[in-house]
């Protein structure tokens, strides 16, 4: 494949004005990403009319918006790690190991590691996009409902990693997550399910309401309990940057997660939240030998961060090659292209090489800018934790309320968030993990819709789930994910038994 | 996590019964979902019924093997949690009438008090943070926050 478009693109992206625009986008994106619910989609929606009316050329607008987009993917981790309040959907899994690290005084190290793994994920995904975009575009259109359903089965198989010494709690958490996705108007038949004549429930429970309730409100309740028992102490921030050993430890998890994140990101309708959930569970499955995941394992922090950045980049592939957005944010960006009378599709790389090249080149430049911007700032972000609890925790509560209210302009959504927070607190006290609930919720709707669409297409014949080579490969991968760790464990214990 | 004590076992069993009850109600309501037409053989009822049955079965498993859980808060801790949640819900319900800044200032003052601030510090923190968050999300980010009788 000729890379002329990329060289032309670097010519565009490295122009001083576009470098400045890219830097501005990255900076704004980082801040936007750190604020819960004010995700990249809001940032882009706010900036698009400003960019368009100010007469910026199409490639500069796209560079600005893309900067906001992947800047937000970097920024989403900040509040996740420091406050246990995920900045966006893709940063939910980051909190699972990032927050315990921060509470143990390693906030600087956690922020730096997540920044570096974001860089690895973002950068490798841009390289993959440069060379494989047209190929992946073709792969994406081969995914029908049956293949999507099998993909979700594969994702649930990775859940096996979460099954610890109390599998029933993991499974209950997962099914609770699934039940929550059935609330609202059924997309296939239009039936009202569990809405109780309440208009606010017609759209179902929003993801951001669920995660803020489960993570930050339940956390506020737990911190309050510790305050009352006198065990809540001011946090310590060691200010230690990651060591070479840390960097070595996160390299392969980040690379693996990038592959997972990029492939999932390419598939329309899945997005960074599914990518980071699958990457986290896969990594846990591979590396949780000492039961360190969930307690501040840097591999559990690096994997979802690399995956969500890779997915954010992967989502551009179907948008540019097929005109099919891979996520809500790329849908807004598609609208931006159309505003400039540019029709994305297979011909875009040939007809608009400067634009596509400029966008892809700006991603290379943007990732470098974000790493440069983020690493020196982690000390500053981490110092936020040194604030007294009576300032910090009201801040978490305010941010949680604002995150939900500003997204849905609904008091009812805030009340649901508090209800979910109470349930999350009770479940945590009972020894339940929050991650399976989130995974069940993220995958549930896609799974049900595709299961039913596939069966509608086949007239109820379940053979459709085994009818394409892609579906068979995915079944094989699902089996592999279940059986391989079991086989490796057996082999390891056999070797241990055989050794003197 | 602590070792399994009779109190923990009891808490686990109450939770298991709650889950079984929730699952049963969910499945029954699922079987009563009204719809006129469905293009697929499962329909809008199939998934909820299946999930309800599965969750109830898992609830039974959980009842039989409750596993470990943490200690529950003492009376003082429970009162503080109730105060926090009560104040939060009251202020959220009042917010459309008294406006964002006043509701948040009262709530955040209360939360700061619960986390050990003296009254003057709690007031300063509550009012300061309410104004700061309003400025950030309102005028700066363009969110439509409720206005009270004073226009903010």
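The values are calculated or read from the model by the stated rules, or taken from the named source; none is laboratory data. It should be emphasised that the depicted structure is a prediction, and the values quoted were computed from it without experimental measurement. Glycine gets a Cβ as well: all are built from the backbone with ideal geometry, and neighbour counts include every protein chain shown.
Condition check ((1) buried (at least 21 other Cβ atoms within 10 Å of the Cβ); (2) more than 8 Å from chain B (Cβ to nearest Cβ); (3) assigned to a loop (DSSP other than H, G, I, E, B)) across all residues:
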{"position": "A:401", "(1), (2), (3)": "yes, no, no"}
{"position": "A:426", "(1), (2), (3)": "no, no, no"}
{"position": "A:437", "(1), (2), (3)": "yes, yes, no"}
{"position": "A:441", "(1), (2), (3)": "yes, yes, no"}
{"position": "A:449", "(1), (2), (3)": "yes, yes, no"}
{"position": "A:453", "(1), (2), (3)": "no, no, no"}
{"position": "A:460", "(1), (2), (3)": "no, no, yes"}
{"position": "A:465", "(1), (2), (3)": "yes, yes, no"}
{"position": "A:473", "(1), (2), (3)": "no, yes, no"}
Single unsatisfied condition, residue B:52 versus (1) modelled with pLDDT of 95 or more; (2) facing chain A (nearest Cβ under 9 Å); (3) surrounded by fewer than 17 Cβ atoms within 10 Å (Cβ to Cβ):
(3)
When residues of the range A:194-220 are limited to those that are surrounded by fewer than 22 Cβ atoms within 10 Å (Cβ to Cβ) and within 11 Å of chain B (Cβ to nearest Cβ), the one farthest from the chain's Cα centre (by Cα):
A:196
Starting from the range B:122-137, keep only residues that are touching a residue at least 12 places away in the same chain (Cβ under 8 Å), then list their pairs with residues that are surrounded by fewer than 16 Cβ atoms within 10 Å (Cβ to Cβ) whose Cβ atoms are within a distance under 8 Å, requiring at least 6 positions of separation or different chains.
B:134/B:152
Check B:132, B:107 and return the single one that is at pLDDT below 95, outside the structural domain of residue B:10 (by TED's automatic domain parsing) and either more than 24 Å from the chain's Cα centre (by Cα) or surrounded by 21 or more Cβ atoms within 10 Å (Cβ to Cβ) (or both).
B:132
Contact list, first residue from the range A:373-390 and within 14 Å of another protein chain (Cβ to nearest Cβ) and at pLDDT 80 or above, second anywhere and in a loop (DSSP other than H, G, I, E, B) and crowded, with 18+ Cβ neighbours inside 10 Å, beta-carbon distance below 6 Å, six or more apart or interchain, is A:389/B:115; A:390/B:115; A:390/B:117
Complete set of residues in the range A:169-180 that are buried (at least 22 other Cβ atoms within 10 Å of the Cβ) and facing chain B (nearest Cβ under 9 Å):
A:169, A:172, A:175, A:176, A:178, A:179
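Out of the residues in the range B:110-129 that are assigned to a helix (DSSP H, G or I) and within 20 Å of the chain's Cα centre (by Cα), which is farthest from the other protein chains (Cβ to nearest Cβ)? Walk me through how you get there before you give the answer.
Going residue by residue through the range B:110-129, those that are assigned to a helix (DSSP H, G or I) are B:110-114, B:119-129.
Imposing the further condition that a residue be within 20 Å of the chain's Cα centre (by Cα) reduces the set to B:110-112, B:114.
On the way: B:110: 9, B:111: 4, B:112: 4, B:114: 6 Å.
So, considering only residues that are assigned to a helix (DSSP H, G or I) and within 20 Å of the chain's Cα centre (by Cα), the one farthest from the other protein chains (Cβ to nearest Cβ) is B:110.
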Working carefully through the options B:35, B:26, B:97, B:62, find the one that is more than 30 Å from residue A:388 (Cα to Cα), within 7 Å of chain A (Cβ to nearest Cβ) and surrounded by fewer than 16 Cβ atoms within 10 Å (Cβ to Cβ).
B:35
Go through the range B:65-80 and report how many residues are part of a loop (DSSP other than H, G, I, E, B) and either facing chain A (nearest Cβ under 7 Å) or at pLDDT 95 or above (or both).
7
